[in-house]
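Written below as structure tokens is the structure these notes are about.
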Amino acid sequence: MTTRDERPFFATAAKGTEGALRDELRELRVPKIRADRGGVHFGGELGHAMRACLRSRIAMRVLWRVAEFDAGDPDALYDGAKSVDWSRWLDATRTLAVSANVKHGQMRHSGFVAQRIKDAVVDQLREQSGTRPDVDREDPDLRIVAHIARDRASLLVDLAGMPLSRRGYRTEAGQAPLRESLAAAILRLSGYRPGQALLDPMCGSGTLPIEAALWAQAVPPGGNRRFGFERWRCFDDSAVASWELERQRARDFAEPVATRVSGSDRDAQVLKMARANADRAAARVDFTCAAFADLPAQAPGTMIVTNPPYGVRLTTDERWNRDFARFLGRMRACTVVAITPNRSLAREVDIAPAREHTLFNGDLECRLFSWDVR
């Protein structure tokens, strides 16, 4: 695998967090960045994509576009997919999976499109070697992603393998937890930076404070996992060397910042999960069992970031709104940030937010409200 040729990559992100990902990749010195709907395009060498896999806290996947062609009918799709030299990534000992997204074209069934591409790949390899790779939808060695819009197809291979949001520490979770990558994006969008004291007063299983602590500790989010590109046929000596260089750079440029990160929740059982998750992540977080309404005022300058519990996020509760308004009033000289699908929360608590940002938690449209309490 040649590592020094420029390639077109796309890092995916939750809708509404593309700007945060763009800024993060720029800090990681990834070249030729351009934010787009659903993620960030970038160019560069394979090592840059490896760096994004290893060190991006916000990206969900990193994709490498390997082909573009017209695909107005099933035969054109098959021929275009078969024209790619899949033996670079696959042989009969490896597995694959294909997923597809289709819109505004002659072909409308994503399952059919994925099947047609899979047929082209395995037919090509069978013709070359007499054998074919198997399909493994859960944990393939090569994951192929197809996008077809207005009869134009793009084929991409997934460098991440399993989603980058799966850090490996959260084996226990409370109700409606945030993805780790979305939690990291919320922290950046809130204006939080390592060194600033942080509190999540409704922390659940601890994702937000754990992500804040790992950021402050300069722990690479992909440091304890294996990536899809490590299983490719073309992951040769030059690619291994490039990968080891990126891992070494992550260690050399790590700059931990002493930071007080805290989480609290009224549910003792869910706090037990949070502590276990933090221990697995080796994240330094102080946890306290307390209802947010009973928490004292925090030190000036503290960043308070929270994802209120599932029931609160989906329903309006007048008592909760009153408690939240009183909580805000006590947090003098602090910034309070909350993610919620309740668009009227700012009016209901009778305190005007300084900032508001729209983003999506899965398919759920949410608001990220930020109050600068004086």
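The values are calculated or read from the model by the stated rules, or taken from the named source; none is laboratory data. This structure is a prediction, so every number in the text was calculated from the model and none was measured. Cβ: placed from backbone, ideal geometry, glycine included. Neighbour counts: every protein chain shown.
Find the residue count for the range 198-220, including only residues that are at positive phi and at pLDDT below 95.
Residues flagged as at positive phi and at pLDDT below 95 within the range 198-220 amount to 1.
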Odd one out for V270 among (1) farther than 30 Å from T171 by Cα; (2) not in a loop (DSSP other than H, G, I, E, B): (1)
Lone qualifier among G195, G228, G223, G191 - being among the small types (G, A, S), surrounded by fewer than 21 Cβ atoms within 10 Å (Cβ to Cβ) and on the phi < 0 side of the Ramachandran plot: G223
Where residues in the range 74-88 are without any contact (Cβ under 8 Å) to a residue 40 or more places away in the chain and more than 25 Å from A160 (Cα to Cα), which of them is surrounded by the fewest Cβ atoms within 10 Å (Cβ to Cβ)? D75
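What about F327, is it part of a helix (DSSP H, G or I), crowded, with 20+ Cβ neighbours inside 10 Å and either under 26 Å from the mean Cα position of the chain (by Cα) or touching a residue at least 40 places away in the same chain (Cβ under 8 Å) (or both)?
yes
Counting residues that are hydroxyl-bearing (S, T, Y), which strands (runs of 3 or more DSSP E) fully inside the range 21-127 reach at least 2? Outline the logic, then answer.
Values: elements: 34-36, 39-44, 61-70, 95-103.
Strands (runs of 3 or more DSSP E) meeting the threshold: 95-103.
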Here's a check for you: in the range 340-371, which residue that is touching a Phe, Trp or Tyr at 6+ places or on another chain (Cβ under 8 Å) and in a strand (DSSP E or B) is nearest to L199 (Cα to Cα)? T340
Looking at the range 140-162 only, could you name the residues that are in contact with a His (Cβ under 7 Å, 6 or more places away or on another chain) and surrounded by fewer than 19 Cβ atoms within 10 Å (Cβ to Cβ)? A149, R150
Within the range 128-146, work out how many residues are assigned to a strand (DSSP E or B) and on the phi > 0 side of the Ramachandran plot. 0
Which of the residues spanning the range 231-274 are surrounded by 14 or more Cβ atoms within 10 Å (Cβ to Cβ), farther than 18 Å from T207 by Cβ and under 22 Å from the mean Cα position of the chain (by Cα)? R231, W243, E246, R247, R249, A250
Checked V312, V257 against criteria (modelled with pLDDT of 95 or more, among the β-branched types (V, I, T) and at negative phi); the one match is V257
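Among the residues of the range 89-122 satisfying the criterion of being among the charged types (D, E, K, R) and surrounded by 15 or more Cβ atoms within 10 Å (Cβ to Cβ), which is nearest to Y78 (Cα to Cα)? Write out each step before concluding.
The first filter runs over the range 89-122 and keeps only residues among the charged types (D, E, K, R), leaving 91, 94, 103, 108, 116, 118-119.
With surrounded by 15 or more Cβ atoms within 10 Å (Cβ to Cβ) added as a condition, the list becomes 91, 94, 116, 118-119.
Values: D91: 19, R94: 21, R116: 6, K118: 9, D119: 8 Å.
Taking the candidates together, the pick is R116.
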Exclusive hit being aliphatic (A, V, I, L, M) and more than 13 Å from the chain's Cα centre (by Cα), set A59, A76: A76
